[in-house]
Every structure is written in C-alpha cells, then in structure tokens.
There are 2 protein chains.
Amino acid sequence: MNIHELIGELKEVGTSKIVLLVADGIGGLPLEPGGKTELETARTPNLDKCAREGVCGLSIPVLPGITPGSGPGHLGLFGYDPLQYRIGRGILEALGINFQVGSKDVAVRGNFCTLDAAGKISDRRAGRPTTERCVATVEKMRSIKIPGVEIFVEPVKEHRFVVVFRGEGLGDAVNDTDPQVIGVTPLVAKGGDPASAKTAEVVNNFVAQAGKVLAADAPTNGVTLRGFAKYPKIGTMQEVYGLKSAALAIYPMYKGLARLVGMDVLDAGQTLNDQMTLLKKVWDKYDFFFLHYKYTDSTGEDGNFPAKVDMIEKLDAAIPAVMELKPDVFIVTGDHSTPSKMRSHSWHPVPTLIHAAMARTDAVTEFSESACLSGGLGQFQAMHLMLLAMAHAGRLGKYGA
Amino acid sequence: MNIHELIGELKEVGTSKIVLLVADGIGGLPLEPGGKTELETARTPNLDKCAREGVCGLSIPVLPGITPGSGPGHLGLFGYDPLQYRIGRGILEALGINFQVGSKDVAVRGNFCTLDAAGKISDRRAGRPTTERCVATVEKMRSIKIPGVEIFVEPVKEHRFVVVFRGEGLGDAVNDTDPQVIGVTPLVAKGGDPASAKTAEVVNNFVAQAGKVLAADAPTNGVTLRGFAKYPKIGTMQEVYGLKSAALAIYPMYKGLARLVGMDVLDAGQTLNDQMTLLKKVWDKYDFFFLHYKYTDSTGEDGNFPAKVDMIEKLDAAIPAVMELKPDVFIVTGDHSTPSKMRSHSWHPVPTLIHAAMARTDAVTEFSESACLSGGLGQFQAMHLMLLAMAHAGRLGKYGA
C-alpha cells in the first residue's frame, strides 16, 4: 500500500488548520570550518520560540546526497514521492511563467538559436538576446497556425520561451529537437507511440513555419525544443488529504507547483507583509495554507551570505503574524538547502520545526541546522512531513484495530 | 525509479577522487555495561581529526537488526541494495578463494561427508579433515569428466571445497544435496526449470562419480553440495557511477566482491603499509579507491578485545598516508559491526565519517559509536552512502528543475 492509499483510509474530517511555511533553500553551510551557517548567524527570536515550544528535526528532500530542483523539493513537502511523481521540463517552464496547463496540453521549453545558411546551428542561445527581443520574436511566432491544434507561445527570458500544443490525443514521448551541440541541424521530432507521433508531426510543422517567420531575424532565426511533457496525473490536496488548501506565493513557479496539486492559488501580492495580510483575511476559508518565501534561496544562489542572514531575519519578524492566528499546526521548513558557499541548491538536510499542541517537544531551543540535529523528528524524508502534519492536526485515524 | 536509474540521470563527469576505507567489523560493544567499545578504547588521534573536520553518523548495513555477511555488507557500501542484489553461497565461496567466476558458470559449496555402508551420512563434516587432506581429496575429484561441461574443483579449508560447473545454458535453481541431518542419504539434485534440470543432471553424475573415486577414502568418502549459484547480473561501478575504481584489498573474498562490481583489483601486497604505498602509486589512475582492512573483524571474531583495540590503533596510524593525498572525499566506515563480546558479525550500526570540503560539519570530535550518534549524517542506510560520496565529490547534478 502506498502512502496516499494509507492516508485515504485514515484521513478524518476536522476543523484544524495547518500552515506550511517554506523558506526556500533555508539550510546552509558555514563559510569557514567551525563557523556558523546563515541560519545559525541570523538573530531569530521568533523561530527560536517556535522551536523551543515545538519539535524539530532535519528533512531529507529526496534521498541522502540528492540535490532537488524546486519541483521535486516542493512535491516532497506536499507529500508526493518525488521519485514517483516526475514533472517534465516543459510543464515546469510553463508553471514558471504561470501558464495554466491543462490535460490536453503538451508543453515544451523552447530556445532561440542561430542557424547558418546551411541550416546548421551556429549559436545554441542566439547570442543571448534581450528579453525584449524574446518577447517580440515570440509575438511573431504567434502567427503560426496548425489545423486541429491550438498553439500558445510565451516568452520566458533572453533566448528562452515556452510552447504549449493543445489538442485531442497528443502524446509527449517526443525527442528533443535540440541536438545540444553546434554545427549540426536541429533534430527532427519523432514520436515514440501513435499519440506522440501526432505531436511530432505538429512539432515539425511548427518548427518549419517558425523558420519561415524568423528567416530574416538572425541571430534569432531558429528554434530548438526540449522537454516535451504533459501535465502529470496527480491527486489534489483535497483528494489526498481532505484539506481545502490555499497557496500564498509570490513567484510563478511556486504558484504553478501549488496549482499542480490542486491548491487555490491566491493573489498574494508582492511582499511577505502582503502574504501575512492575505493569510489573516482568508484564514476562515481554508484548512491548509502554503506560504512560500523565496529570498532565502535567491540570496543563497547569489552567494551572498550576509544577505541571506538578513532575509532570514526578515522572515523571522513575520512569524508572530502567523502565530497570532493560532494555527493548530505550524511547520517551518525548506524545499532544500541553498548554502551561499555553494551558490546553488544542495543535498544537505533542511532544518524543520513543527509547532502543535500534541508535539512531543525536545531539548532544541533554537532553529538551526546544528540544534535540529538533536531534535525529536530526527532526520526524516520530506515526503513524510505531511503525515506528521495531518497527525498533529488530529486528522489521521488509527491504522488497524 | 530505482537509485541506480536516478544516479544514471544525475551523474556528472569529474576529476574528484573518493577513498572508501572499510575497516571490516569496526563497530563493537563494551565488555561490561557502562564500559567502552573497542573503538572508544583505542587511541585514534587521526580518525578523531577526520571526524572533527568532517561529518559523522552511523550506517545501518541492511535494515535495523539485520546482521550481514561480508557480501551484503560490502554490496551495501558500494551502493547496491543488498536485498535486491543477492549473491549465492556458491559464488561467495568461489570469490573467497579468488576463483574468477564467469557468466557460464554455476558455482556451489561442497562439503566432504562420511557415508556408511548403506550410503547414509554418518558425519556431515567427515571428521573435519586437515586442509592437506582436503587438497589431496579434491585433487582426486579432478579426474571426473562429464561431456559438454567443464568442471573445476577447488579446495577451501578442512571439509570445505568449491565446485564450478561451466557450460552453455546451465541454470542455478537446483536444490542442495546436503540434507542437513545424519542417518539419511544425500539428496538427489533436481532442477526448478529446464536449464536447472540440465545442471541437476550434471550434478548427480558428478556426485555419483565422486562416490566411486572416493569409495576407499572414508571418512572423506562422500560429498554434499549446497548453494548452487550463477554470477549475478550487476552493473559495474563505472557503469553506475562513472567512477574508474580500484580495489586495494589483501584477502581474496574482498577482491572477489570488488571484482563483482567491476573494480580493477590491484595486487595490494600483504600489509596496510603495502596498501598505502600502492594507493600513492596509482593515485592518478583512478577516481575511486576501495581500501579494505580485515583485522578489525578477525580480532572481533576471535573475541580478542585488546587485539581489536590494537588493530584499530594500527589503522589510525595509516590515516595520514591517505590524507596526504588530499582525497576530495574520504570515507571511513565498516561493512558491519563485529563486537569481540559476541565473537561474530552483528547488526549494530557502524561508525562512519565523511571528510570533504562541502561536508556540513557537526559537533562530533572523536570517531566512536557514541560520538557518531550525534553526528550530522544521523543513522542512514549503507546503500545510500555512495549517494553521499558522489554528492560531496561534486559528481551528482540536480534532480528535476
């Protein structure tokens, strides 16, 4: 029996409320041996209070040593096995620009490239055009029509765009047309099954028309496509947990991931303050609230240790606004670590706290990597966090008699 | 998706070097309640320095409570699920005497037994003959010929030997001929499928001929066979991790296990000093080095607590020779515990350290069972250790976007 089947048997209706605050990439590393991490350096009286009153531990996003992207990182926190539920690149790109993908859609990531007179790729990123040029070039491709299929072309950034093919019976077992090297022509799309052969035919037609539309536009005179993907079949938070769920996120990628699991994606504004104001406003309407905070990750990716410390302290200052609402279960965690020392996501386990009336508290008195090591949650797989959330919320019955 | 498929997607080419030092059976127990283990008793300044600078934890070889043999213990450390990859007894015995098993071989463990006038077993171990007699008796069996099959008979020790049947289309679903009790005749071999029926026919022919050859040799006048096994299909370290791997082991069993996963098995000499000299010599030629140290296990099996302490201290003295080479990732662990108090392998978790630039260090300042308990690696499954090795070596890309 898998975990969702288990929850299906055990879940109970309730009025309790769960807040999941994801501080993206919050885990870190010291810059020097023996030093402190960003979280250990930050002054976090409010998070420390929650840690003291609750139970702490460290979350392993996927498996020991595995560094997740945002997709698998969040799916795990939402309780979906990130090795079972895989989200194709095309879908993630579409989610990232807030495109609302549906069940008849095949989404794919596009790159502008430069083609020489022989049709061979001379620059895989078309000299990294400005985003303005990307928008204008995408606009030209919107003139492309193919009978029986609706086509959406959306700009992303620089040489990157998204194409969504919408139609009946389109498969996504289609090879990338991006050969990943220069000096050769883009690859022809082929389908691995009849439905995907239909997609491939559409794709080759699209690429040919794009070649004509963009013929005079060098260096952005060609396109390559990769990561054909359909929307994955995935149970909603309502279906899996019986939780009416709301996402209060600012960045499109996280809104998209929340929409993927059926959350209501609210217009959370532009700041943490906006998010907290909205949380209070919609408090009575939902059981589960996903709050996403981006800046612990983006400062880590920038390699800016003091800025990450600062962003952690800003987050800490917002904690009382959540606690005032008296959530039955308040969880603070991250989807992965983003040590500024590494300027990237990493595999290191993520500090996590659960604040709830029935938490078995431990001796942890501060929210940090080192303190969480001795916490009552131990080290656990992220995909089990929602089981703990449901249990502490009094929403899981007994298994077996 | 299984772990090897995941690694297949994520592995990256690199120049970093990983050293895996397996101190066989290093984990132990105190002789008296409240006392110290062998490792806690030993003076280990060099291991303690690595523990202080790195990250520690405890490895669970298979599952909590499961005591592994050397085969599953090492497969786990090499990152092969020991519950999925099973190595038959016949293959392990063959590996243990450095017999190079191939894909057409069925290997089996043999015992000399004593048969009475009625052909019934009166002593399952033939009175434990000397190894010299074992060698001589095996030599006699080498006269046995069976058309279409090549037969290798090799002595092991006392009443134990190995037979390898080499031929086309031989299966290994064959029952043991050893009835495990006295007063009955050895069992007839039967095959569970057509290929194994072919093997069984050969086996029964072999046993009948052995009976004639050894008829006058009581007490070593009969043979029983158990653990028919073919060489398992298993990806090499190169295939799974992209690591050019070398084994520096002294004992045949560990050379055999390394060969099983495709490592280059080097002639490592007879002492730890020889191993370290060779390590330095071949340092530029490989990405991954498996160093095996036997004496922490053999002294434990002997029940000799002070000797095990001494062997741990000797190992500690060799650590600087590894550290001088500046491995990117240096791991010290064991394939299982071998407490001298138990005189046997045990299930107790195994002290483990990872020394690497991107290790998130913890408060552990010595390498011991009790200190590792509060380490940053927590308690983890041995089969996940190579994921951590690859991550710390910068050889694993991000999972998902």
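Computed over neighbours whose Cβ is under 10 Å from that of B:ILE151, the net charge equals +2, Lys and Arg +1, Asp and Glu -1. Counting only residues at least eight positions apart within a chain, or on another chain, the lysines with an alpha carbon under 18 Å from that of A:LYS308 are A:LYS36, A:LYS294, A:LYS341.
Please give the Cα centre distance for region B:326-401 versus region A:29-78, rounded to the nearest Å. Answer, in whole Å: 20.
Both numbers refer to the Cα atoms of region B:71-170; Rg and Dmax are 15.7, 51 Å. Spin-label model, A:LYS280 to B:SER374: label points 7 Å out along the Cα-to-beta-carbon direction sit 4.2 nm apart. Could you work out how far the C-alpha centroid of region A:244-303 sits from that of region B:106-134, in angstrom? Their Cα centres are 73 Å away from one another.
The C-alpha radius of gyration of chain B, expressed as a fraction of 2.2 N^0.38 Å, stands at 1.07. Expressed in Å, the radius of gyration and Dmax of the Cα atoms of the protein assembly as shown are 31.1, 99.
Starting from a Cα-only point model with no solvent, please compute log10 I(q)/I(0) by Debye for region B:91-230 at q = 0.11, 0.15, 0.20 1/Å. Here log10 of I(q) over I(0) equals -0.34, -0.66, -1.20.
Rg ratio for region A:228-370: its Cα radius of gyration over 2.2 N^0.38 Å, N being its residue count, equals 1.11. Express in % the proportion of alpha carbon pairs of region A:305-401 at distances exceeding 24 Å. Tail of P(r) above 24 Å: 29 percent of Cα pairs. Across region B:66-89, no residue has a backbone nitrogen under 14 Å from the label position 7 Å along the beta-carbon direction of B:MET1. In this structure, A:GLU324 and B:MET323 have a Cβ-Cβ separation that, at R0 = 45 Å, corresponds to a calculated FRET efficiency of about 0.25. When shorter helices are ignored and each DSSP H run of at least 4 residues is given -39500 (n - 2.57), the per-residue value for chain B at 222 nm works out to -9500 deg cm²/dmol. The alpha-carbon of B:LYS140 sits under 12 angstrom from the alpha-carbons of these aspartates and glutamates, leaving out residues fewer than 8 places away in its chain: B:GLU154, B:ASP217. Note the angle between two axes, namely the Cα long axis of helix B:194-213 and the longest principal axis of the Cα atoms of chain B, as a number of degrees from 0 to 90, rounded to the nearest 10. Result, in degrees: 60.
What does the net charge come to around B:ALA208 if you take all other residues with beta carbon closer than 14 Å to its beta carbon, with K and R at +1 and D and E at -1? Spelling it out: positives minus negatives among the neighbours equals +1. Ranked from shortest, the separations from the 7 Å Cα-to-Cβ label point of A:ASP264 to its equivalents in the other copies are 6.4 nm. Measuring against 23 Å, Cα to Cα, the residue pairs A:LYS11/A:LYS285; A:LYS255/B:LYS11; A:LYS11/B:LYS398; A:LYS314/B:LYS398 contain A:LYS255/B:LYS11; A:LYS11/B:LYS398; A:LYS314/B:LYS398 as the ones spanning a longer distance. Restricting region A:308-401 to chymotrypsin sites (Phe, Trp or Tyr not before Pro) that sit in a DSSP loop and have at most 14 other Cβ atoms within 10 Å of their own Cβ leaves A:TYR399. Treating only the Cα positions of region A:222-271 as identical point scatterers, give the base-10 log of I(q)/I(0) from the Debye formula at each q in 0.16, 0.21, 0.25, 0.31 Å⁻¹. Treating every Cα as an identical point scatterer, log10 I(q)/I(0) equals -0.56, -0.78, -0.92, -1.13.
Here, each number is a calculation from the coordinates, and none is a lab measurement. Everything quoted here is computed from the prediction, not taken from an experiment. Please note: Cβ atoms are built from the backbone with ideal geometry, for glycine as well, and neighbour counts cover all protein chains shown.
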